[in-house]
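Peer 1: Mind looking over this structure? Questions follow.
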Amino acid sequence: MSLPRMVRLRQTFEATRVNDIPSEVERQLATLNLGQQVKPGQTVAITAGSRGIANIAIIIKAACDHVRRIGGKPIIVPAMGSHGGGTAEGQRQIIEGYGVTEAFTGAEIRASMETVIVDTTPQGIPVHFDKHAFGCDHVLVVGRIKPHTGFVGPVESGLHKMMLIGLGKHEGAKIYHRAILDYSFLEIIRAVADVVLKKCRVIGGLGIVENAYDETGLIAAVAPNDFFTRESELLTLAKKWLPRLPFANTQLLIIDEIGKNISGTGMDTNVIGRKYNDHAATANDDVSVKRIFVRGLTEATHGNATGIGIAEFTNTRTINQVDRRITAINCLTGGHPTAAMLPIAFDTDRDVIQAALPTLGLVEPTNAKVVQIANTLHLGEVLVSEAYIPEIAQRPDLAIIDGPFEMPFDADGNLRPVEA
């Protein structure tokens, strides 16, 4: 089969960036006047999540430094629902893999899957909260704010989600995801957050918004009373800054790697479409992708292949990377069991592509609209097929930097990765 030729494409995105992260964290936290609440020697739990947030170790360390500066004792608490295989050791391993270590931050890490039920919402839902965080004198919620991969609302993934799912651990994540089948996402997130803010001594939040190049674009300290309003504002900005595929319609999307450090669903459904349906674009999606081929998992995901079920195709080596137990725990907890289903797999990438192209419709394989990306976080440079060249010529935000050339297979018949 003759395959489409490719060109290397550079996208230009808006890119506000924080250059001095420690200074900005200090400046933002100083606006909360936490020294008026934190007494000398009191403990402050600082949340550390499982997402691959840019500069997260530097941000967490700067938050720890601020707490020490006002006389408090920072305690780092992994806050990631059921990730890490639903074990304390696995969650600690994840944050340490991001550089959030006791040696670097100078703060003790307290990891546990045990929770305290602090109250019940008006809907009758028990509110779980990490036992170590609840045992501290204060809690500082740190998290990235961005569009959720499955839910839509004025707040989606951010400080509220950290209070519910992150600090709710496995038990909290299970009950909240079940409750969403009976109540709206907004009802659950407001009800649980209200309890947490009243009962769990939250003194503030530190919201992070990233730009389209996976860089720290903005850091904002948020007072507890302003969580909902401020997070809504930051979500609007995060949506504006979200990286995008270069074209709204793609027939075959090739993704070099997926993983929990990339997105909650391994690949961000806000980027690829399929937010409302695993295998087809809907009227609510901005992007339409007909077929997806996942080539591998990130090392940082530790075998968690959540989201692999959104793809139609993969290869044998990716299947061999999957930790079926960890993936199942995460997908069942999130109420998304189909995300763990395994796609059709072949031994080599060439075999996969030759199987995928005839499923696109009547288009000749050489004319197919194909895009290859590193992952859904890094879209500054991508490979696209020749069929897009007329469209590229009309777009000032796109520039061809190499090609056309044959699909870059190695001697084993596998594609070379896009440089992220």
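The values are calculated or read from the model by the stated rules, or taken from the named source; none is laboratory data. It should be emphasised that the depicted structure is a prediction, and the values quoted were computed from it without experimental measurement. Using ideal geometry, Cβ is built from the backbone for each residue, glycine included, and neighbour counts are taken over all protein chains shown.
Peer 1: For segment 266-286, name all the residues that are within 20 Å of Leu357 (Cβ to Cβ) and surrounded by fewer than 22 Cβ atoms within 10 Å (Cβ to Cβ).
Peer 2: The answer is His279, Ala280, Ala281.
Peer 1: For segment 79-102, state whether one or more residues are in the same structural domain as Val142 (by TED's automatic domain parsing), under 16 Å from Gly166 (Cβ atoms), buried (at least 19 other Cβ atoms within 10 Å of the Cβ) and in contact with an Asp or Glu (Cβ under 7 Å, 6 or more places away or on another chain).
Peer 2: yes
Matching residues to (1) outside the structural domain of Arg350 (by TED's automatic domain parsing); (2) out of contact with any helix residue (DSSP H, G or I) (no Cβ under 7 Å at 6 or more places or on another chain); (3) of a type in the set (Lys, Arg):
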{"site": "Ile180", "(1), (2), (3)": "yes, no, no"}
{"site": "Leu186", "(1), (2), (3)": "yes, yes, no"}
{"site": "Val196", "(1), (2), (3)": "yes, no, no"}
{"site": "Val202", "(1), (2), (3)": "yes, no, no"}
{"site": "Gly207", "(1), (2), (3)": "yes, no, no"}
{"site": "Asp226", "(1), (2), (3)": "yes, yes, no"}
{"site": "Thr229", "(1), (2), (3)": "yes, yes, no"}
{"site": "Asp256", "(1), (2), (3)": "no, yes, no"}
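Residue-wise test of (1) crowded, with 17+ Cβ neighbours inside 10 Å; (2) acidic (Asp, Glu); (3) closer than 24 Å to Val287 by Cβ.
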position	(1), (2), (3)
Asn315	yes, no, yes
Asn320	no, no, no
Arg324	no, no, no
Thr327	yes, no, no
Leu332	no, no, no
Ala340	yes, no, yes
Ala345	yes, no, no
Ile353	yes, no, yes
Asn367	no, no, yes
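Residue-wise test of (1) of a type in the set (A, V, I, L, M, F, W, C); (2) outside any helix (DSSP H, G or I).
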position	(1), (2)
Asn284	no, yes
Arg291	no, yes
Ala300	yes, no
Thr306	no, yes
Ile319	yes, no
Ala356	yes, no
Val382	yes, yes
Tyr388	no, no
Arg395	no, yes
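Peer 1: Something else now. Quick one: is Ile326 under 21 Å from the mean Cα position of the chain (by Cα), among the hydrophobic types (A, V, I, L, M, F, W, C) and either part of a loop (DSSP other than H, G, I, E, B) or farther than 22 Å from Lys275 by Cα (or both)? Talk me through it step by step, then tell me what you get.
Peer 2: Numbers: under 21 Å from the mean Cα position of the chain (by Cα): yes; among the hydrophobic types (A, V, I, L, M, F, W, C): yes; either part of a loop (DSSP other than H, G, I, E, B) or farther than 22 Å from Lys275 by Cα (or both): yes.
Yes.
Peer 1: Taking the condition of being part of a helix (DSSP H, G or I) and over 21 Å from Glu114 (Cα atoms), how many residues in segment 167-188 meet it?
Peer 2: The first filter runs over segment 167-188 and keeps only residues part of a helix (DSSP H, G or I), leaving 167-179, 185-188.
Those still in the list that are over 21 Å from Glu114 (Cα atoms) too: 185-188.
Total satisfying the criteria: 4.
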